[in-house]
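So the structure is just underneath, and the comments pick up after that.
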């Protein structure tokens, strides 16, 4: 009986420790992530900035184009987020015939704007 009580106590300690670990994550990190994602979505939908909707069907965008692939299952398509960022930064690196604008090299978007769009697109 003593061994069972010790195991229950140990299991309880682990559960408390794991529970406290999730509490350690600041709530502001989630708020900051949500803000970054919202800003990325605004940039992606902005016809004068990212203008992703001109070529891609995505999320709840109005009047999407169909030149590029639909932006769905992005985590499955780009398990490495850095590759997604590289694609948005300059798609011609992987495909010289790409019609996607080189947003980074042509300074259409800043690095910060590209990062925000990546965070948003990665949620799709």
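Structural remarks
- Cβ-Cβ distance of residue 106 and residue 42, R₀ of 22 Å, FRET efficiency by 1/(1 + (r/R0)^6): the value works out to about 0.60.
- Computed P(r) (all Cα pairs; segment 26-121; 10 Å bins; percent): 16, 50, 29, 4, 0
- Enclosing the Cα atoms of segment 76-124 in their convex hull gives a volume equal to 75 cubic angstrom per residue.
Only the coordinates and a few stated rules stand behind these numbers; no lab work does. Since we're looking at a predicted model, the values are computed, not measured. Note that we place each Cβ from the backbone using ideal geometry, even for glycine, and neighbour counts take in every protein chain shown.
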